[in-house]
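What follows is a single structure, written as structure tokens, with notes after it.
What follows is calculated from the coordinates using simple rules that are stated; it is not laboratory data. These numbers were taken from a predicted model, which means no experiment stands behind them. Every residue, glycine among them, receives a Cβ derived from its backbone with ideal geometry; neighbour counts consider all protein chains shown.
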Amino acid sequence: MKESTTNLAPTTERHHFRFHEKHAKLAPIFGGDWFGLKAEAFARFFGTPTFLVSQTILVSIWILLNVVGVVNYDVYPFILLNLAFSLQAAYAAPLILLAQTRQADRDKAHADADARHREDLAMATQARMDLASAQAASILLLIEKNTELTEITKQLSEGIDALTKEVHHKIVGQQNAN
């Protein structure tokens with residue numbers, strides 16, 4: 001980290017996402033192993049258009065093949081298809097709920113980090129405002145001192161001018177008298 005170049009007291013420049021870093025490896029609810037990662041990916045896949053279109057096509061083909069009579073392994077009322085849907089729902093619901101819980105934990109951690117970042121920005125802004133106020137007060141004091149010095153310089157210049165005129169008048173007066 002490098003030193004800040006502002007007129008503030010020497011501080012180190014900090015990374016913008018420093019509050020998020022401790023949450024970068026947030027412990028997943030499914031676990032950090034292969035199964036946990038694949039379970040979350042599978043749960044996320046359930047809500048995609050690819051999944052919905054694929055399932056619709058697969059179910060349509062299943063029903064069409066059984067109604068037309070090409071195959072007869074699941075005739076109307078499609079008990080095997082209902083069993084497949086029940087099995088899918090039994091696995092999908094918990095996976096989706098767990099994925100939502102994991103995402104909620106990540107969102108909460110990021111919101112907390114963002115809040116701390118905003119607080120840090122507010123403190124930095126306040127410090128800059130305090131510094132600007134102190135500098136403005138210093139400038140006003142310097143302007144007042146400059147005004148006083150200018151007034152003293154004016155008075156001294158007027159005194160020198162008066163003395164110069166007096167000396168000139170005396171010298172010229174003595175030369176005229178001779």
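Descriptive notes on the structure:
One line per residue, one yes/no per condition, for (1) touching a residue at least 60 places away in the same chain (Cβ under 8 Å); (2) surrounded by 11 or more Cβ atoms within 10 Å (Cβ to Cβ); (3) assigned to a helix (DSSP H, G or I); (4) of a type in the set (A, V, I, L, M, F, W, C):
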residue: Met123; (1), (2), (3), (4): no, no, yes, yes
residue: Arg128; (1), (2), (3), (4): yes, yes, yes, no
residue: Leu140; (1), (2), (3), (4): no, no, yes, yes
residue: Asp161; (1), (2), (3), (4): no, no, yes, no
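- Residues in the stretch 51-106 that are exposed (fewer than 14 other Cβ atoms within 10 Å of the Cβ), of a type in the set (Val, Ile, Thr), over 35 Å from the mean Cα position of the chain (by Cα) and closer than 29 Å to Leu37 by Cα: 3 in all.
- Lys165 being free of Cβ contacts under 8 Å to residues at least 40 places away in the same chain, part of a helix (DSSP H, G or I) and over 60 Å from the mean Cα position of the chain (by Cα): yes
- Of all residues in the stretch 85-111, those satisfying the criterion of being free of Cβ contacts under 8 Å to residues at least 40 places away in the same chain and of a type outside the set (Gly, Ala, Ser) are Phe85, Leu87, Gln88, Tyr91, Pro94, Leu97, Gln100, Gln103, Asp107, Lys108.
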